[in-house]
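Peer 1: Next up is a structure, given as structure tokens.
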Amino acid sequence: MDHFTLIDGELHAENVPLARIAADVGTPVYVYSTATFQRHARAFREGLAGVPRARIAFAIKANPNLAVLRLLANEGFGADVVSGGELARALAAGMPPEGIVFSGVGKTRAELDQGLNAGIGQFNLELEEEGVVLSELAVARNIRAPATLRVNPDVDAGTHEKISTGRAENKFGLPISEARAIFDRLAPLQGLNLRGVAVHIGSQLQSLEPLERAYTRVGELVAELRAAGHSITHVDLGGGLGVPYRTTDTPPSPAEFGEMVARVTRGWDVELMFEPGRVIAANAGVLLTQVLWVKPGVTHPYVIVDSAMNDLARVALYDAYHDFVAVKPSGETMTANVAGPVCESSDVFAKGREIDVVKSGDLAVLRSAGAYGATMASTYNSRPLVPEVLVSGDTYAVVAGRIAAETIMAEEHVPDWLK
Ligand code: LLP
């Protein structure tokens, strides 16, 4: 459930009419709901009520806006980060360093250093050499870096190919079959406190079955490592829980997820870390846009809106579905394509879809855009970087301003030899 609803026939974010935000801030603009973020954060936590010693690190790649991070820090969430930039954001938002997990297959030495300097809670190692380097950096500081090995359980998450990470051929994690030998070699290193394993098999999962298979394999590995004399105190179960983008989608609920986790991990006797992203953020945001033109098409008219693939890349990248609804729906519908102004045929949000009747000047939203929306935006076609607004009750704040093409141009320089 979210807090984007019709009040007196007009779409609101909580109690704020979206038309007011469009008038004040302009379009396109991402609009987030505080109450929806809180609701999702609490539902996720409550879903894990049957799991002792569960900790949650929001995968901030899903929505790294500082206000969103602060909101989630206030809910007791830590952060899963994958770059020095994300680490800096988590800290700037007031997330305690011990609640920060550093994931990612290509951390630089400078980023490992940055994590050690900040005193983060956990490094998820993706290859043996990374563990050796992290240990050396830690020894130089006279500390031990808390770390887990991320394993690849060779499980097909059954999701879109581009957001699957747990098959053997994917670049992520260590082959689970080699984990024991690598653990044996890394655990004695002086600068490491190698204390567990991590797994993440993909995103937008519509079924618990692949997660359960992956977690079961991790449980077997934990037992094997313990039998070999290793102390295993931490397991990171990653993220991946899907969300409904269409009303017909029925992903597992956080409660069903929590029930499965409680059953599979019973007796593990470890601190469990979770890294949800999408399930917290996706339905807490919409992309508010204005219809520029309705252009006749060969089969269906093209509704040309002022947002584009540079603002919301998911449709062009993953053939993702985002609901398109009018801010003031008349109740009438039409079959149309919805497209942005960018000069690419992939800049189409919907094809031959039954949508609310709209005409030029009308406002509409692309729903479920709070995760992997603004964070993946670019300035392609020299369009401004899309701004973000956070609503709470009957007030709102601009939490990221629109960055003009001129501001970006100011960072570009024509060298003297061309003048
Ligand atoms: N942990 C790790 C190590 C991850 O790589 C990811 C996502 C997550 C947690 C969070 O997964 P979530 O709970 O959000 O499914 N841009 C794509 C999604 C990429 C996901 C990358 N990794 C999209 O728009 O669908």
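Peer 1: Step by step: first the residues of the range 38-74, then only those that are of a type in the set (D, E, K, R) and within 15 Å of the ligand (Cβ to nearest atom), then the one that is farthest from G242 (Cα to Cα). Which residue is that? Please lay out each step first, then the result.
Peer 2: Of all residues in the range 38-74, those of a type in the set (D, E, K, R) come to 39, 42, 45-46, 53, 55, 61, 70.
Okay, now just the ones that are also within 15 Å of the ligand (Cβ to nearest atom), so 45, 55, 61.
On the way: R45: 16, R55: 19, K61: 16 Å.
So, considering only residues that are of a type in the set (D, E, K, R) and within 15 Å of the ligand (Cβ to nearest atom), the one farthest from G242 (Cα to Cα) is R55.
Peer 1: For the range 381-400, name all the residues that are of a type outside the set (S, T, N, Q) and without any contact (Cβ under 8 Å) to a residue 40 or more places away in the chain. Don't jump to the end; show me each part of the working.
Peer 2: Step one: filter the range 381-400 for residues of a type outside the set (S, T, N, Q), giving 383-391, 393-394, 396-400.
Within the range 381-400, P384, L385 qualify.
Peer 1: Say we look at the range 36-62 and pick out the residues that are closer than 20 Å to A371 by Cβ and touching a strand residue (DSSP E or B) at 6+ places or on another chain (Cβ under 7 Å); which of these is surrounded by the most Cβ atoms within 10 Å (Cβ to Cβ)?
Peer 2: Per the stated criteria, the residue is F58.
Peer 1: State whether the residues of the range 86-96 include one that is of a type outside the set (A, V, I, L, M) and within 14 Å of the ligand (Cβ to nearest atom).
Peer 2: As a first pass, look at the range 86-96 and keep what is of a type outside the set (A, V, I, L, M): 86, 89, 94, 96.
Of the ones still in play, those that are also within 14 Å of the ligand (Cβ to nearest atom) are 86.
Looking for residues that are of a type outside the set (A, V, I, L, M) and within 14 Å of the ligand (Cβ to nearest atom), one finds at least one in the range 86-96, hence yes.
Peer 1: From the list R150, R195, pick out the single residue that is among the charged types (D, E, K, R), closer than 27 Å to I120 by Cβ, within 16 Å of the ligand (Cβ to nearest atom) and outside the structural domain of R314 (by TED's automatic domain parsing).
Peer 2: The unique qualifying residue is R150.
Peer 1: Additional query: Suppose we filter the range 161-187 for residues that are surrounded by fewer than 16 Cβ atoms within 10 Å (Cβ to Cβ), modelled with pLDDT of 85 or more and within 21 Å of the chain's Cα centre (by Cα); how many remain?
Peer 2: Here the count works out to 1.
Peer 1: Spot the failing condition for T375; the list is (1) within 18 Å of the chain's Cα centre (by Cα); (2) surrounded by fewer than 21 Cβ atoms within 10 Å (Cβ to Cβ); (3) in a loop (DSSP other than H, G, I, E, B), and only one is missed.
Peer 2: (3)
Peer 1: Quick check on L287: is it within 16 Å of the ligand (Cβ to nearest atom), of a type outside the set (D, E), at pLDDT 95 or above and buried (at least 21 other Cβ atoms within 10 Å of the Cβ)?
Peer 2: The answer is yes for L287.
Peer 1: A further question follows. Please determine, by comparing only the residues of the range 224-270 that are in contact (Cβ under 8 Å) with a residue 12 or more places away in the chain, farther than 20 Å from T159 by Cβ and among the acidic types (D, E), which one is surrounded by the fewest Cβ atoms within 10 Å (Cβ to Cβ).
Peer 2: It comes out as E224.
Peer 1: Suppose the filter is touching a Pro at 6+ places or on another chain (Cβ under 7 Å) and either more than 16 Å from the ligand (Cβ to nearest atom) or not hydroxyl-bearing (S, T, Y) (or both); does D306 pass it?
Peer 2: When the stated conditions are applied, D306 passes them.
Peer 1: Moving to a separate point now. Tally time: how many residues in the range 191-223 are touching a Gly at 6+ places or on another chain (Cβ under 7 Å) and surrounded by fewer than 17 Cβ atoms within 10 Å (Cβ to Cβ)?
Peer 2: 1
Peer 1: Within the range 125-145, identify whether any single residue is farther than 30 Å from R314 by Cα, over 22 Å from the mean Cα position of the chain (by Cα), at pLDDT 95 or above and within 15 Å of the ligand (Cβ to nearest atom), and answer yes or no. Spell out how you get there, then give the answer.
Peer 2: Within the range 125-145, the subset farther than 30 Å from R314 by Cα is 128-145.
Those left that are additionally over 22 Å from the mean Cα position of the chain (by Cα): 128-145.
After this cut, where a residue has to be at pLDDT 95 or above as well, the list is 128-145.
Those still in the list that are within 15 Å of the ligand (Cβ to nearest atom) too: 130.
Taking every residue of the range 125-145 in turn, at least one turns out to be farther than 30 Å from R314 by Cα, over 22 Å from the mean Cα position of the chain (by Cα), at pLDDT 95 or above and within 15 Å of the ligand (Cβ to nearest atom).
Peer 1: Considering only residues that are of a type in the set (V, I, T) and part of a loop (DSSP other than H, G, I, E, B), which ones fall in the range 288-336?
Peer 2: Within the range 288-336, V298, T299, V327 meet the criteria.
The values are calculated or read from the model by the stated rules, or taken from the named source; none is laboratory data. Values in this document were obtained by computation on a predicted structure and should not be read as measured data. Neighbour counts are summed over all protein chains in view; Cβ atoms, including those assigned to glycine, are modelled from backbone coordinates with ideal geometry.
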